[in-house]
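As C-alpha cells, the structure follows; a few thoughts come after it.
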Amino acid sequence: MTPFKSRPYLSLIGFCLVIFTILINIAFSSAEDPGLKMVLSTFSAILLVFTLLWSPAGIIEFILLINKTGQVKFSSKNGQISREEYRGRINSLIMCFLVNVSYLVLVSIQLWYVIRNWDRLNV
C-alpha cells in the first residue's frame, strides 16, 4: 500500500480487461472449430467494446492523480507535511502516473486496432 492509501485501481482493472481481450484473441487464432471461433469472436468483440468504454475511467483517474499531486505540493509548500513524507507521496504518485499513462497508451493502441480492423471485427 502506498503511504497515502492510493492506488490506480481503475487502471489496474483496465489492464486486466486488456489482458483478457488479448488472451481471447490468442485463443481465437489457435482455435480450429468454427463454432468455437464464433463464440470467441463474439467475446473478443464484447471485451474490445467494454475495454474502450472503460477508458474514460482511466482519464478520470489521470485527472484525479493530477489534482492529488497539486494537493501534495500545496501541503508541502505550506509546511503541513514533512519533506520525507512529501518525497514518499510524490514517489508513489509517480508510480501511479506510470501505471495510468501506460494504461491510457494501451487503450489508445487498442482503439487504433479497432478502427483499423473494423470490417473484420464482430461488433
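Would you point out which residue out of 65, 12, 23, 40 is open to solvent by less than 80 Å² (accessible area, probe 1.4 Å), assigned to a helix (DSSP H, G or I), closer than 18 Å to residue 113 by Cα and of a type outside the set (S, T, N, Q)?
On the way: 65 fails: closer than 18 Å to residue 113 by Cα; 12 fails: closer than 18 Å to residue 113 by Cα; 23 fails: open to solvent by less than 80 Å² (accessible area, probe 1.4 Å).
The match here is 40.
Please go through segment 1-32 and pick out each residue that is within 30 Å of residue 81 (Cα to Cα) and either at pLDDT 90 or above or under 9 Å from the mean Cα position of the chain (by Cα) (or both). Walk me through how you get there before you give the answer.
Pass one, segment 1-32, residues within 30 Å of residue 81 (Cα to Cα): 1-12.
Answer for segment 1-32, where residues must be within 30 Å of residue 81 (Cα to Cα) and either at pLDDT 90 or above or under 9 Å from the mean Cα position of the chain (by Cα) (or both): 8, 9, 10, 11, 12.
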Complete set of residues in segment 91-104 that are open to solvent by 80 Å² or more (accessible area, probe 1.4 Å) and closer than 30 Å to residue 49 by Cα: 94, 95, 98
Meets criteria (open to solvent by 50 Å² or more (accessible area, probe 1.4 Å), assigned to a loop (DSSP other than H, G, I, E, B) and either over 23 Å from residue 59 (Cβ atoms) or of a type in the set (Phe, Trp, Tyr) (or both)) for residue 112: no
Single residue of segment 43-60 satisfying the filter (more than 14 Å from residue 103 (Cα to Cα) and free of Cβ contacts under 8 Å to residues at least 60 places away in the same chain) that is surrounded by the fewest Cβ atoms within 10 Å (Cβ to Cβ): 50
Criterion violated by residue 40 - all others in (1) within 22 Å of the chain's Cα centre (by Cα); (2) among the hydrophobic types (A, V, I, L, M, F, W, C); (3) at pLDDT below 90 satisfied: (1)
Members of segment 68-90 found to be among the aromatic types (Phe, Trp, Tyr) and open to solvent by 60 Å² or more (accessible area, probe 1.4 Å), listed by number: 74
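The values are calculated or read from the model by the stated rules, or taken from the named source; none is laboratory data. What you see is a predicted model, and the numbers here were worked out from it, not measured in a lab. FYI the Cβ positions are ideal-geometry reconstructions off the backbone, even for glycines, and counts take in every protein chain you see. Each accessible area value is taken on the protein alone, full model and side chains, heavy atoms only, with ligands, DNA and RNA left out. Shrake-Rupley method; radii C 1.70, N 1.55, O 1.52, S 1.80 Å.
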